[in-house]
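Enquirer: Quick one: the structure is below, and I'll ask about it shortly.
The values are calculated or read from the model by the stated rules, or taken from the named source; none is laboratory data. Since this is a predicted model, take the numbers as computed values, not measurements. Reconstructed Cβ throughout: ideal geometry from the backbone, glycine too, with neighbour counts over all protein chains shown. Note: accessible area is taken over every heavy atom of the protein model, side chains too, but ligands, DNA and RNA are not part of it. Shrake-Rupley method; radii C 1.70, N 1.55, O 1.52, S 1.80 Å.
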Amino acid sequence: MRTETVTLPGSPERPNEDWAAAALPASGAGGAVVVLDGVTPPVDDDGCVHDVPWYTARLGGALTELSASRPEMTLTEILAAAIRRTADAHRDTCDLSHVRTPQATVSMARWNGTTVEHLVLSDAVLLLQAPDGSVRAVLDDRLARIPDETLRSLEATDLLRNREGGFFTAAADPAVAELAVTGTTPRSGVRALAALTDGAARWVELFREGDWADCFGVLDKEGAHGLLRRVRALETRSEGGAPWPQEQGAPATAGRVRRWKLHDDATAVYALLS
């Protein structure tokens, strides 16, 4: 078994809001990966005295601990417990009812000798590669269903954030865990897996360099760092004046592409299970 975890900040001038971990139990019989992408807030007040990295570190730490130590809990139960624990850590100092209270997208997986469990919430990506090389992408497409013109408005986006008919992130309400995309796969059906933030998934979703199977091919050959290097090179090329693919008229992958930042925090965890 081999794991690789890599994260790169979008800019040296601001903190990296992503968070990632891989945990392997002492028994050697399984493991877990957790990847979070903190939601960058606008400059307006969000009701919290803490920044996004504080939140993702607290939530990610709780998710990793529980995933590795509580096999009797489902990933849904683990996400709910981790959200509750994180909320309790700043409930007395912050307004957790604020719509923009610190929050994050989630991609996580856990495996043992018989099954691989997965959970995805918001625009994170989890890739499962079968022994024959085929790749299945686990996606939460609710954010992708919202028109770009709506998301360009902070007020309109706030009306859809963590509400039915909109999209959901891990914030302060444990009930959101029930809305995550979850499932299980037989352990024999998974050779390797990868968890990506949307900054890493740009290789497919924004730059159209290949499909998810091609992306996994890069991970197999060049590792997580190789994928992120490719993304940064493509961003730099676009910064120099080369058109972004959607500016050339190419359709977005499942409507998921949003060009918010030229350089985004990018994180990838690659786990070779066999």
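Enquirer: Collect the residues in the stretch 106-122 that are of a type in the set (Gly, Ala, Ser) and more than 17 Å from ALA180 (Cβ to Cβ), keeping them in residue-number order.
Expert: Within the stretch 106-122, just GLY113 meets the criteria.
Enquirer: Could I ask something else about it? Please determine, by comparing only the residues of the stretch 209-240 that are farther than 12 Å from VAL135 by Cβ and small (Gly, Ala, Ser), which one is surrounded by the fewest Cβ atoms within 10 Å (Cβ to Cβ).
Expert: GLY240
Enquirer: On to the next question. If we scan the stretch 81-104, do we find a residue that is in contact with a helix residue (DSSP H, G or I) (Cβ under 8 Å, 6 or more places away or on another chain), open to solvent by 10 Å² or more (accessible area, probe 1.4 Å) and polar (S, T, N, Q)?
Expert: No.
Enquirer: Determine if the stretch 61-68 includes at least one residue that is in contact (Cβ under 8 Å) with a residue 12 or more places away in the chain, open to solvent by 30 Å² or more (accessible area, probe 1.4 Å), of a type outside the set (D, E, K, R) and not in a helix (DSSP H, G or I).
Expert: no
Enquirer: OK, next. VAL116 - would you say it is surrounded by fewer than 24 Cβ atoms within 10 Å (Cβ to Cβ) and out of contact with any Gly (no Cβ under 7 Å at 6 or more places or on another chain)?
Expert: yes
Enquirer: Quick one: THR40 ticks every box in (1) under 19 Å from VAL269 (Cα atoms); (2) open to solvent by 50 Å² or more (accessible area, probe 1.4 Å) bar one, so which box is it?
Expert: THR40 satisfies all of (1) under 19 Å from VAL269 (Cα atoms); (2) open to solvent by 50 Å² or more (accessible area, probe 1.4 Å) except (1).
Enquirer: State the number of residues belonging to the stretch 4-17 that are farther than 16 Å from ALA170 by Cβ and open to solvent by less than 50 Å² (accessible area, probe 1.4 Å).
Expert: 6
Enquirer: Has the stretch 149-165 got any residue that is of a type in the set (Asp, Glu) and surrounded by 17 or more Cβ atoms within 10 Å (Cβ to Cβ)?
Expert: no
Enquirer: Kindly list the number of the only condition in (1) in contact with a strand residue (DSSP E or B) (Cβ under 6 Å, 6 or more places away or on another chain); (2) more than 30 Å from ARG91 (Cβ to Cβ); (3) open to solvent by 50 Å² or more (accessible area, probe 1.4 Å) that fails for THR182.
Expert: Evaluating THR182 over (1) in contact with a strand residue (DSSP E or B) (Cβ under 6 Å, 6 or more places away or on another chain); (2) more than 30 Å from ARG91 (Cβ to Cβ); (3) open to solvent by 50 Å² or more (accessible area, probe 1.4 Å) leaves (2) as the failure.
Enquirer: State yes or no: is SER107 open to solvent by 40 Å² or more (accessible area, probe 1.4 Å), at pLDDT 95 or above, not in a helix (DSSP H, G or I) and not aliphatic (A, V, I, L, M)?
Expert: The answer is no for SER107.
Enquirer: List pairs: first residue in the stretch 26-43 and assigned to a strand (DSSP E or B) and modelled with pLDDT of 95 or more, second residue open to solvent by 50 Å² or more (accessible area, probe 1.4 Å) and among the charged types (D, E, K, R) anywhere in the structure, Cβ distance under 9 angstrom, at least six positions apart or on different chains.
Expert: So the pair list comes out as GLY38/ASP51.
Enquirer: Another one. Any chance the stretch 54-70 includes a residue that's within 19 Å of ALA195 (Cβ to Cβ), over 14 Å from the mean Cα position of the chain (by Cα) and among the acidic types (Asp, Glu)?
Expert: Yes; the residues of the stretch 54-70 include at least one that is within 19 Å of ALA195 (Cβ to Cβ), over 14 Å from the mean Cα position of the chain (by Cα) and among the acidic types (Asp, Glu).
Enquirer: Out of ALA29, ALA20, which single residue is buried (at least 20 other Cβ atoms within 10 Å of the Cβ), closer than 17 Å to LEU193 by Cβ and of a type in the set (Gly, Ala, Ser)?
Expert: Answer to the selection: ALA20.
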